[in-house]
Amino acid sequence: MLQAEVVRVDRPYYCPQCRSNRMSFRLFYRLVQPVRKDPYTGAVIEAAPGPRPAVPEEAGLEVQCPVCNFRAPESIFVAAAAREPAEMVDRPGF
């Protein structure tokens, strides 16, 4: 079984689609498996052993809002949060 290291994301998100969610999100990480294929038949000639987690340069993190199911690159959610900052409210007990 593949064990991927979880990337810590310490930036606020805001869903630009439903415009109501700032707290619950699903993070999608991509896997990469380099292969060489025959250009005529499409048969795999050579494959690296098993998939591995993609590095940020290969594929960016995708985020999904569970409220409206909108899914996009992380930068879209970060930019939406920067455009519309959350209002600070007094939360008793915290």
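Only the coordinates and a few stated rules stand behind these numbers; no lab work does. Since the model is a prediction, treat every value here as computed from it, not as a measurement. In this analysis, Cβ positions are derived from the backbone assuming ideal geometry, glycine residues included, and neighbour counts consider all displayed protein chains.
Each Lys and Arg adds +1 at its Cβ and each Asp and Glu adds -1 at its Cβ; summed about the Cα centre, region 29-83 shows a dipole of about 120 debye.
Each peptide among 41-51, 14-24 gets the average number of other Cβ atoms lying within 10 Å of its residues, and from highest to lowest they stand as 14-24, 41-51.
Sorting Glu74, Glu84 from the fewest to the most surrounding beta carbons within 10 angstrom yields Glu84, Glu74.
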